[in-house]
Amino acid sequence: MFVAYTDASIRNQNAILAFVIFFEDKSKISKRIVINQTNNNIAEASAFKELISFLDYYNFKGGLILFDSNGLKSHLKRSRRKTNKYLSEDTKEILRRLSVRTQVIPRKYNVAHQVCSENKSLKSTPFSSINRHYYQKVEDFPDYLLQLSVLEEYRQIYNKRFATFHEAQMKLNKKIWSADLLEDLDGVKMYAIHDKRIKVHGDTIIKLTKVNNVQVGSHWRAIRKLQKLN
């Protein structure tokens with residue numbers, strides 16, 4: 001699953017649009033576009049449209065788009081007939097066809113917001129070297145979404161103060177793959193890896209905790225399994 005961020009900011013009578021995409025193999029694409037616009041809602045929607053047009057053109061399927069605009073969220077929730085004020089009528093259709101989900105996050109977690117503020121050239125991975133099949137050859141590799149609250153738990157438990165949303169999501173999916181399944185009840189699963197417990201509900205990681213004990217057998221199973229991915 002790729003994770004993309006989108007944002008926009010108004011500066012000097014122009015709107016700076018930005019999006020950043022992180023892929024499974026740690027490839028990264030960054031884009032910044034300047035348009036003549038002073039309406040923040042239109043700018044946020046324009047940044048989102050630029051991103052999904054890019055994804056659609058290159059047929060990048062299976063991902064998550066993160067943004068910090070509640071206005072954009074409300075427009076996405078409206079019926080198709082009412083979304084054309086700021087978004088194209090086929091926006092939801094494109095998202096469904098590409099199997100892309102959306103999620104609102106606070107601005108402080110939005111990587112694209114940083115891109116809007118930068119005044120330098122952006123480096124991107126060449127398309128030819130992006131490996132979307134990086135984990136597909138790994139049997140039963142998970143592709144869970146991440147509940148926002150788990151990001152702060154991840155930062156605290158792993159002592160990574162500046163970990164990003166996509167970093168936590170990708171690292172926890174990797175840990176789940178190597179972990180032992182402790183419980184599986186009514187769609188809620190509990191995984192154990194070393195002294196960590198990861199709770200999953202449906203398709204989303206909802207809780208990360210730390211315990212005071214480690215089972216030696218489980219620890220070494222996880223180590224050996226993770227070594228296969230390196």
Q: Neighbouring Cβ atoms within 10 Å as the yardstick, rank ARG197, ARG107 fewest first.
A: ARG107, ARG197
Q. Quick one: putting +1 on the C-beta of Lys and Arg, -1 on the C-beta of Asp and Glu, what dipole do you get for the range 2-129 around its Cα centre, in Debye to the nearest 20?
A. 320
Q) Can you give the net charge of the other residues whose Cβ lies under 14 Å from the Cβ of GLY63, counting K and R as +1 and D and E as -1? A) +1
Q. If we count every other residue with Cβ under 10 angstrom of GLU24's Cβ, Lys/Arg +1 and Asp/Glu -1, where does the sum land?
A. 0
Q) In nanometres, what is the gap between the two model label sites at GLU139 and TYR58, each 7 Å from Cα along Cα-to-Cβ? A) 3.3
Q: Would you kindly compute the Cα radius of gyration of the range 4-110 and its largest Cα-Cα separation (Dmax), both in Å?
A: 13.2, 38
Q.
As an exercise, use a Förster radius of 25 Å and the Cβ-Cβ distance of ASN41 and SER88 to find the FRET efficiency, rounded to the nearest 0.05.
A. 0.95
Q: If a/c stays under 1.5 just call it rounded; otherwise compare a/b with b/c (prolate if a/b is bigger, oblate if not). Do that for the range 156-218, with a ≥ b ≥ c from the square roots of the Cα gyration tensor eigenvalues.
A: oblate
Q) Just going by the charge dipole of the chain, with Lys and Arg at +1 and Asp and Glu at -1 on Cβ, which of LEU72, ILE21, VAL111 is farthest out on the positive end? A) VAL111
Q: Would you compute, from DSSP H runs of 4+ residues alone, the mean residue ellipticity of the chain at 222 nm, taking -39500 (n - 2.57) per run and dividing by the full residue count, rounded to the nearest 500?
A: -10000 deg cm²/dmol
Q: Compute from the Cα atoms of the chain the Rg and the Dmax, the latter being the longest Cα-Cα distance, and quote both in angstrom.
A: 19.1, 61
Q. In nm, what is the difference between 0.36 nm times the number of residues separating VAL188 and VAL34 and their Cα-Cα distance?
A. 51.0 nm
(Q) Report for the chain the percent antiparallel among DSSP-assigned beta bridges with both residues inside it, nearest 5. (A) 75
Q: Choose one of ILE157, GLN147, ILE94: the residue whose Cα lies farthest towards the positive end of the charge dipole of the chain (beta-carbon charges +1 Lys, Arg; -1 Asp, Glu; about the Cα centre).
A: ILE157
Q. Sorted from fewest to most neighbouring beta carbons within 10 Å, what does the list TYR58, TYR135 look like?
A. TYR58, TYR135
Q: Sort GLU153, GLU118, GLU139 so that the residue with the fewest other Cβ atoms within 10 Å of its own Cβ comes first and the one with the most comes last.
A: GLU139, GLU118, GLU153
Q) Taking the Cα centre of the chain as origin and charging only Cβ (+1 Lys, Arg; -1 Asp, Glu), how large is the dipole, in debye to the nearest 20? A) 300
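Taken together, the values in this text are just the output of simple stated rules run on the coordinates, not laboratory data. Note that the coordinates shown come from a computational prediction; the quantities given were computed from them, not determined experimentally. Heads up, the Cβs are rebuilt from the backbone with ideal geometry, glycines too, and the neighbour counts pull from every protein chain shown.
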